[in-house]
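Below: one structure, written as structure tokens.
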Amino acid sequence: MLTNYKILVVDDEYVVRGFCAELLRLEGAQVTAASGGYEALSLLGQHDFELILLDLSMPDINGLQVLEQVSAYYPHVSVIMMTGYGTLEAAITAQDLGVEGFILKPFDDKQLLSIIGRIIERQQLRQNYARLQAHMPLLALSHRLMVEQDVKKLAQSVLLIIQREIKMKSASLWLLSSQFDVDHLNSDQSFVRLAMLGQPLNIPPNHDTISAWVILDSENGGTTELQNAKTLHFRLHIEERQIGWLCLSHQKTGLFTQRDIEFLRIMSTHLTVGLENRNLYHTINLARQEWETIFNTIHDGILVHNANKKGLITHVNQTLATWLDQTSKQLLHQSAKTITVDADGCSLLDIAAPLLADPILVDQTTIAPLSLEFSSPSWAKNQSFRIRTYPLYQDRKLVEIVHIIEDITQAVRVQSQMVQTEKLSALGRLSASLAHEINNPLQSLQSGLRLLARPNLTTKKREQYVDMMRKEVERLVKLTGQTLDFARPSRVGKEHVDLNQLLQETLALVKKQVQRYNITCSFMLFDNLPAVYAVPGQIKQVFLNLILNAVDAMPHGGVLEFSTHYTSYHKYAVVGITDNGLGISPQNQNRISEPFFTTKENGTGLGLSISYSIVEAHGGYIEAQTDPDKGSRFLIYLPIDLEEKHNGLTGHE
Ligand code: ADP
């Protein structure tokens, strides 16, 4: 079938013409008939044909002359020559002029259709070949875009590829300098010329006002007629954004064809997309390099592992690798289980266990990092670390776990020194009342000794005096014991402690001070308060700091209230120390926990900051509520399930 195949039948004989036209129409072709050579040429100028059936001898101009015109001006049209008495000479000439088939009259319909069939096959082959040819420069361009990293070299090779196709004399490629990281040589405003062939071509001076993406620059300044164009300016676009100019020039006008424009349009689309991709690739690469540098030079150790049972390590930075005495490469693909943080073998994977238990993200706001401190792991004896563990979600699914490990050895040492300084300062503040406390029993002892020295003392009386003196000595022993207990650096080990008892013990130290200022104490202690796992000396110090602050806030007496309770939901034991003293002014409220912030003449400003950090190191927090006229309340929250969470980990002084 020749469906819609466009054929021109040219014969001066009406019968032949009619027979051919009829036969071909029946096969589905679109047939036009001409009775002579001139008429045929005129029809060729007006319509598109794919095939001409051409009679060799016609009265006006013969078939060979028509064939000559067809080869020159319509080379894509195939020609079959029909003749009744062909000579060898005519056949050779016709061959030279590119005829594709000969058919001798008389011919039947089978012969004609078979020769047309062969020509159609050949035309299709030619078309495929042409298509392939048209793609070759695009393939070359794509290849360049992929392999060439240097944008200047890339620009130069693109111009060479275009020159091979278009054969223009000069070409320049301009790109937006802000878009492409290039130096500003040869720059025109924001565009920079990256490559040129032949003469340097500039971008149109008034390019901002031109809206077309192709600008045809003619000799007489017009911009529309392709035949008159000597120079073409192509805007290179990514969507609405112009990223450059491609300028091409022949030395003579009228040498650019419509096909060139089409070719350049496709080329520039490929080029802009390729350049944009290259740019994105560079941006990503740069970001990656920046990220890697930061990742490896940061002083904290960072480790990322998969959020599954194996916990295979996917990233580990230089700092942590050095601590672990391995290379990052050696650590990759090991399990996070191999990195332990204490003598009991608690590993990074164990630390992440609470996060791994919830692999689906329900509520963004509930994401909180796990935080833990540990000392002397097998890979860093005598050093202390704080680890923060974060979940990493993708599409709400837990995919990785990030551990950030901070070396806090120095901070722990400094804090421990500060704690000791603050302790001695607190003892200094207590010294007056301590002296008073010691003086009283000494006074009793002195009187007792005097009484004992008396003659004629009954045995009963002596026993009474000795008993009284023994009690006073016991009081002294207890008092000095408590003072020493507090003054000496406390043991670092955590144990189960009863907060009610710690509170009473601390209060015993300051009882005199409290009485001296006419302060009465009231208690609302929860009897069955669960034990917390803590360093008792440190917790006592927190209580002492808060009590002394409360006493200082009530110079003219007041009520000091102690309370304990626990929140079963949050699993915290809460100790409240409340005064009805001066309160804290609004401008100071945010500053009281800063080290060295004090409003007192002899204050150190360390009490609260140390108390806050002690409680935080225990996994708890302090809440301060205050009203400048009514007083202040400090609530100390300590987790009561610490033992399980921190099993095997030590706290710090
Ligand atoms: P210091 O007691 O040496 O000043 P702290 O860190 O213990 O250091 O306290 C800092 C400041 O916080 C105090 O100087 C005081 O202004 C304020 N402050 C702390 N506790 C109270 C309180 N119970 N009532 C009023 N002000 C307080």
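The values are calculated or read from the model by the stated rules, or taken from the named source; none is laboratory data. All values derive from a computational prediction rather than experimental measurement. A quick note on method: Cβ atoms are made from the backbone with ideal geometry, for glycine too, and the neighbour counts reach across all protein chains shown. The protein model used for the area step is the full one, side chains on, heavy atoms only, and it has no ligands, DNA or RNA in it. Shrake-Rupley method; radii C 1.70, N 1.55, O 1.52, S 1.80 Å.
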Rounded Å value of the spacing that divides the Cα centres of the stretch 376-415 and the stretch 95-155: 68 Å
Hz values of 3J(HN,Hα) by residue in the stretch 121-126 - Karplus curve (6.51, -1.76, 1.60), Gly and Pro given as x: 4, 5, 4, 5, 4, 4
Anisotropy class of the chain from Cα gyration tensor, a/c 1.5 cut: prolate
Net dipole in debye of the chain [+1 Lys, Arg Cβ; -1 Asp, Glu Cβ; about Cα centre; nearest 20]: 3760 debye
Cβ crowding within 10 Å averaged over residues, with 521-528, 378-385, 60-67 ranked highest first: 60-67, 378-385, 521-528
Table column - 3J(HN,Hα) (Hz), the stretch 403-414, Karplus curve with 6.51, -1.76, 1.60, x for Gly and Pro: 10, 10, 10, 10, 7, 10, 3, 5, 4, 5, 4, 4
Estimated distance in nm for a label pair at E239 and N456, the labels positioned 7 Å out from Cα along Cα-to-Cβ: 11.6 nm
Cα gyration tensor shape for the stretch 4-57, rounded if a/c is under 1.5, else prolate or oblate: oblate
Reach of K230 by Cα under 29 Å, taken over lysines that are not fewer than 8 positions away in the same chain: K152, K153, K167, K169, K252
Computed [θ] at 222 nm, deg cm²/dmol, the chain (DSSP H ≥ 4; -39,500 (n - 2.57); rounded to nearest 500): -14500 deg cm²/dmol
Extension gain, Q65 back to T599 (0.36 nm per residue minus Cα-Cα distance, nm): 180.8 nm
Three-way shape call for the stretch 440-567 based on the alpha-carbon gyration tensor, with the a/c threshold at 1.5: prolate
For the chain, accessible area per residue (1.4 Å probe, heavy atoms of protein chains only), Å²: 54 Å²
Selection from M81, Q538, A29, by position along the positive dipole direction of the chain (Cβ): Q538
Kirkwood Rh in Å, taken over all unlike Cα pairs in the stretch 1-130: 14.5 Å
Mean separation of Cα contacts under 8 Å, 6 or more apart, over the residue count of the stretch 326-457: relative contact order %: 15 percent
Packing-based order for 461-470, 415-424, using average beta carbon neighbours within 10 Å, highest first: 415-424, 461-470
Pairwise FRET efficiency - K478 versus D527, Cβ, R0 = 35 Å, nearest 0.05: 0.90
Fraction of beta bridges assigned by DSSP in the chain that are antiparallel (%, nearest 5): 75 percent
The chain - percent of accessible surface contributed by carbon and sulfur, probe 1.4 Å: 53 percent
Top positive-direction residue, dipole computed over the chain with Cβ charges, set V514, T598, L355: V514
With Cα atoms, 0 to 90° folded angle of helix 607-617 axis to the chain main axis: 60 degrees
The chain: relative contact order in percent, alpha carbon pairs under 8 Å with at least 6 residues between: 6 percent
Rounded tilt (10° steps) of 37-46 against the dominant C-alpha axis of the chain: 20 degrees
Amide H contacts under 5 Å for V9, placed H, 5+ residues apart: T32, A33, A34, L53
Per-residue ³J(HN,Hα) for the stretch 525-539, Karplus 6.51 cos²θ - 1.76 cosθ + 1.60, θ = phi - 60°, Hz, x for Gly and Pro: 9, 7, 4, 9, 5, x, 5, 10, 9, 8, 8, x, x, 5, 5
Computed label-point distance, nm, for sites T409 and D12 using a 7 Å Cα→Cβ extension: 11.2 nm
FRET E, pair V273, K167, Förster distance 25 Å, beta-carbon r, rounded to 0.05: 0.50
Tilt relative to the chain, helix 258-297 - C-alpha long axis, 0 to 90 degrees, to 10: 20 degrees
Amide H contacts of Y393 (H built 1.01 Å from N, under 5 Å, at least 5 apart or other chain): V399
